[in-house]
1. Between MET57 and ARG100, what is the label-to-label distance in nm when each label sits 7 Å out along the Cα-to-Cβ direction?
2. Say each of ARG136 and ALA68 gets a label point 7 Å from the Cα, pointing the same way as Cα to Cβ; how far apart are those two points in nm?
3. Largest first, what is the accessible-area ranking of HIS33, HIS7, HIS170 with a 1.4 Å probe?
4. Say the dipole of the chain comes from +1 at the beta carbon of Lys and Arg and -1 at that of Asp and Glu; which of ALA63, GLY169, VAL101 then lies farthest toward its positive end?
5. I'd like the distance between the alpha-carbon centres of the stretch 45-100 and the stretch 13-36, rounded to an integer number of Å.
6. Suppose every K and R has +1 on its Cβ and every D and E has -1 on its Cβ; what is the size of the dipole of the chain about the Cα centre, in Debye to the nearest 20?
7. Cα atoms only: what Rg and Dmax, in Å, come out for the chain?
8. So, for the chain, what is the accessible surface per residue at a probe of 1.4 Å, expressed in square angstrom?
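The values are calculated or read from the model by the stated rules, or taken from the named source; none is laboratory data. All values reported here derive from a predicted model rather than from experimental measurement. Please note: Cβ atoms are built from the backbone with ideal geometry, for glycine as well, and neighbour counts cover all protein chains shown. The area values use the complete protein model at the heavy-atom level, side chains included, leaving out ligands, DNA and RNA. Shrake-Rupley method; radii C 1.70, N 1.55, O 1.52, S 1.80 Å.
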Amino acid sequence: MDLIFLHGRAAAGKLTTARELSSRIGYPVFHNHLVVDLLTTVFPFGSEPFIRLREQMWMSVFADAARAGTSVIFTFAPERTVQPGFPGRVQSLVEDAGGRVRFVRLLVSEAEQEQRVMAEDRKEFHKLADVEILQRNRVRDIVVEQPPAHLEIDTDSSDAAASANAIIGHFGLSTQSPVTRYPAN
């Protein structure tokens, strides 16, 4: 089991790259906003229950995927509400179950990030879509713990297809059958 842990700042191209990678190798995309959007329907972002339950949900999915031998692509944006040590806890959990975590940092320049953050498709998952908030967050999140990087990709110069190819080639990833979301009974 491989956990492809894509991380980077807002609008670095994490979900776009994850979707392209998934289309090539069949790993399901477990992106950050699936859990964030679910929990913010009940608890405010950054509240104690939100922080606790978000990590519990992420870790539960990683643990069960590792036990099942199902490789997964995860997208993650380091920010101040994530408990310190999260990347290490993920790595320990997955490795203890016999899997591997492949940390990939996607880089984006500030100018490109400001252009991308205004894209209409960012509204699909209530993503950050305001340049002023982005600029304030840059200052606040400067001291946030960053996951390690086994591979770094500059998405200013690498589109999703090239980024997916780089990830596959760097780690020698093989395909798996896509998950059947609703199996016939």
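1. For MET57 paired with ARG100, the spin-label model returns 3.0 nm.
2. Here the answer is 3.9 nm between the modelled labels.
3. Sorted descending by solvent-accessible area, the residues read HIS170, HIS33, HIS7.
4. The one lying farthest along the dipole's positive direction is ALA63.
5. Result: 15 Å between the Cα centres.
6. Rounded to the nearest 20 debye, it is 380 debye.
7. Radius of gyration, then largest Cα-Cα span, for the chain: 16.0, 52 Å.
8. With the other protein chains kept in place, the chain gives 52 Å² per residue.
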